[in-house]
Amino acid sequence: MGQLQEKYKSYRLPQKYMAEGVYPYFREITSKQGTEVEMGGHKVLMFGSNAYTGLTGDQRIIDAGKAALDKYGSGCAGSRFLNGTLDIHVQLEKELAEYIGKDDALCFSTGFFVNSGVIPAVVGRGDYIICDDRDHASIVDGRRLSFATQLHYKHNDMEDLERVLKNLPEEAIKLIIVDGVFSMEGDLANLPAIVELKHKYNCSIMVDEAHGLGVFGKQGRGVCDHFGLTDEVDLVMGTFSKSMASIGGFIAGDKDTINWLRHSCRTYIFSASNTPAATAAALEALHIIQKEPERIDALWRVTRYALRRFKEEGFEIGETESPIIPLYVHDVEKTFVATAKAFEYGVFINPVIPPACAPQDTLVRFALMATHTEEQVERGVQILKRVFKELDIIKD
């Protein structure tokens, strides 16, 4: 047996839950992503998707992707730095910069590549990175790749953030990096307070808008716009794989910083550029989001309904302020069993266990789309109420 086989032969966690019939990952979907999906030969309600605008099956986006395939082919066979820049890449970057409200933008082939590449490119030796305890894994990986000093503060605790900042050199570059919407708990960063501390301690701010775009702000511009603080945020990151119904990501900021990243960010210049179809799909989604504000209105109507109903039925949902609704279980085993039972009864949800959360804070994540109906949400609430009562998580 080789070294790697010897090292990992004892990794039995998946086998354990597979044997018990409650393994919740890599479940195969055989249809378009929508409010209902085909799985295992039958339909289930989809409350485990990040497609907040409900655009993943929109025919206009599908047609845009097909047209790009016909015109440009299936791929670019190179990085943006060399032979992989198409006119639609440049168009998307220009329109994103205007949409977000920044000088310029840079598109990457995944959102993960944005954070994991941009962070080590903009801060290095002698600089400081300050992160929220619950920042996304891509931010964590990005800061790990940087030579900057890495610090963190307790989740959304502005006193703790100030404790960190006041001990740092005034003249040093200090980059506060935070999720606009926290992807598991659904709460928002306290951006107004962070901006106050930025000015008090001479810092810069980077906001990850992965779960804010298409949800918050005017025409879905995100949490920075929601708070009216886009001009105060130095770098705005976003992804195409959620509200924008595609795959990829971007960073937006001032012209000089984006120009630096264009020539130095390793996940940009050493990675193949995004496919023509994915780029065209994201561009079309951006157009639709701006032209159809009623889509975001529908998302918030169904979100408010779901928040009210879960509270009425006795679920613990934490501090969420978004279409991401955490249903707390506080037990790893029960979290997996609840996910399996919900699927059996016709609802797809996602389990959240360590390291995505603390062991005592396990939950199932219920996420909404603009295309969900109140009737679908009510069915979901009733099924999950049945599951949670069967497992003694909530009581009559």
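Reported value for region 226-368: 184 Å³ per residue, from the convex hull of its C-alpha atoms. Largest accessible area first, the listed residues 118, 337 line up as 337, 118 when surface is computed with a 1.4 Å probe on the assembled protein chains. The alpha-carbon positions of region 66-149 define a convex hull whose volume is 144 Å³ per residue. Fraction of C-alpha pairs exceeding 17 angstrom in region 318-370: 34 percent, rounded to a whole number.
Residues in the chain average 45 Å² of solvent-accessible surface per residue, probe 1.4 Å, ligands and nucleic acids excluded.
DSSP beta bridges confined to the chain are antiparallel in about 55 percent of cases.
Pairwise alpha-carbon distances in region 122-187 exceed 17 Å for 40% of all pairs. Largest first, the extents of the alpha carbon coordinates of region 187-285 on the three principal axes equal 43, 31, 20 Å. For residue 389, the aspartates and glutamates whose Cα falls under 16 Å of its own Cα, not counting residues fewer than eight places away in the same chain, are 312, 313, 316, 331, 333, 344. When the alpha carbon gyration tensor of region 333-396 is reduced to an equivalent ellipsoid, its three semi-axes come out at 20, 15, 10 angstrom, largest first. Dividing the convex hull volume of the alpha-carbon atoms in region 274-331 by its residue count gives 123 Å³ per residue.
Taking only the Cα atoms of region 180-219, the ratio Rg/Rh comes out at 1.03, with Rh defined as the Kirkwood radius.
If you build a Gaussian network model of the chain, linking Cα atoms that sit under 10 Å apart, which residue out of 342, 68, 358 swings the most? The residue that fluctuates most here is 358. Taking each of 154/311; 32/242; 166/198; 102/154; 334/385; 198/255 in turn, the alpha-carbon distance tops 18 angstrom for 154/311; 102/154; 198/255.
Length gained on full extension, residue 294 to residue 269, computed as 0.36 nm times the residue gap minus the Cα-Cα distance: 5.2 nm.
Report, to the nearest whole %, how much of the accessible area of the chain belongs to carbon and sulfur atoms, 1.4 Å probe, protein only. After summing per-atom areas, the C and S share lands at 52 percent. So how far, in whole Å, is the C-alpha centre of region 246-291 from the one of region 192-222? Cα centres, region 246-291 to region 192-222: 19 Å.
Evaluated over the Cα positions of the chain, the convex hull gives a direction-averaged projected area, one quarter of its surface, of 21.2 nm².
The values are calculated or read from the model by the stated rules, or taken from the named source; none is laboratory data. Note that the structure is predicted; figures quoted are calculated from it, not measured. We work out accessible area using only protein heavy atoms, side chains counted, and drop any ligands, DNA or RNA first. Shrake-Rupley method; radii C 1.70, N 1.55, O 1.52, S 1.80 Å.
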